[in-house]
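Below: the structure, in structure tokens.
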Ligand code: ZN
């Protein structure tokens, strides 16, 4: 799959939506990313995840993902790699391994997230992995929305970079053109 084919597929599936959106921040945008939509279709998701494989570091024993966003992507990637998979989740606001999940210091780890924006959740997982004494091979995401601004200190692979411009409502070109506005999550049709 080329970048354009991936982008077309994402638009077709509603992963990347086009319209006029009111974001939770109060700002407006012409695009909205809903990565969870990709995993509504497991067979397609598996194909998309396959595309990440050639971009990954070698020697991965285990994939660790932050809940909730990273779980589907991490699980699917671990299945493709034939390795172990666990996820970390917040307990009282702190990212933790629960459910009997554990890491052994001999393991080479890949941290997987669906969308990286600021990379906050990924950093919290990296800290867990680091504290466990594991070797961090890298970080992988389906979409990099950081605009190339994240540095995890380890190799970072993503399927695509998506820059979504946001506007102050008073300066929004879509408002100016009276394009009907929708709240993300709801269908624009
Ligand atoms: Zn607007």
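Where a number appears in this text, it was derived from the coordinates with a stated rule and is not lab data. This one's a predicted model, so the numbers in the text were calculated from it and none came from an experiment. All Cβ positions, glycine included, derive from the backbone under ideal geometry; neighbour counts span all protein chains shown.
In units of the compact-protein estimate 2.2 N^0.38 Å, segment 3-176 shows a Cα radius of gyration of 1.08. Taking Cα atoms only, the orientation of helix 3-13 departs from the longest principal axis of the chain by about 70 degrees.
Would you mind ranking 104, 161 by Cβ crowding within 10 Å, fewest neighbours first?
Working: 104 11, 161 14.
The most exposed by this proxy come first: 104, 161.
Taking the Cα centre of each part, how many Å lie between segment 46-97 and segment 114-189? With segment 46-97 and segment 114-189 each reduced to a Cα centre, they are spaced 16 Å.
Against the main long axis of the alpha-carbon atoms of the chain, helix 120-131 sits at an angle near 0°. Could you tell me whether segment 1-103 comes out rounded, prolate or oblate from its Cα gyration tensor? Rule is a ≥ b ≥ c as square roots of the eigenvalues, rounded for a/c under 1.5, then prolate if a/b exceeds b/c, otherwise oblate. Oblate. Label-to-label distance, residue 27 versus residue 131, with points set 7 angstrom from Cα along the beta-carbon direction: 3.2 nm. Across the chain, C-alpha contacts under 8 Å between residues 6 or more apart give a mean separation that, scaled by the residue count, equals a relative contact order of 23 percent.
Between the helical axis of 69-81 and the longest alpha-carbon principal axis of the chain there is an angle of about 50 degrees. Multiplying the residue separation of residue 34 and residue 58 by 0.36 nm and removing their Cα-Cα distance gives an extension gain of 5.7 nm. Taking the fewest neighbouring Cβ atoms within 10 Å as the starting point, the ordered list for 163, 114 is 163, 114. Say a paramagnetic label sat at a point 7 Å from the Cα of residue 154, along Cα to Cβ; which residues of segment 89-112 have their backbone N under 17 Å from it? Inside the label zone: 89, 95-97, 102-112. Here the residues 128, 164, ranked from fewest to most Cβ neighbours within 10 Å of their Cβ, fall in the order 164, 128.
What does the helix-only formula give at 222 nm for the chain: each DSSP H stretch with n ≥ 4 adding -39500 (n - 2.57), the total divided by the residues, and the result rounded to the nearest 500 deg cm²/dmol?
Numbers: 5 runs with 49 residues, N = 189.
Computed mean residue ellipticity for the chain: -7500 deg cm²/dmol.
Taking a point 7 Å out from the Cα of residue 50 in the direction of its Cβ, the residues of segment 70-89 whose backbone N falls within less than 16 Å of it are 76-82. What the Cβ-Cβ distance of residue 11 and residue 79 gives, at R0 = 25 Å and to the nearest 0.05, is a FRET efficiency of 0.45. Over all directions, the projected convex hull of the C-alpha atoms in segment 74-189 averages 10.2 nm² in area.
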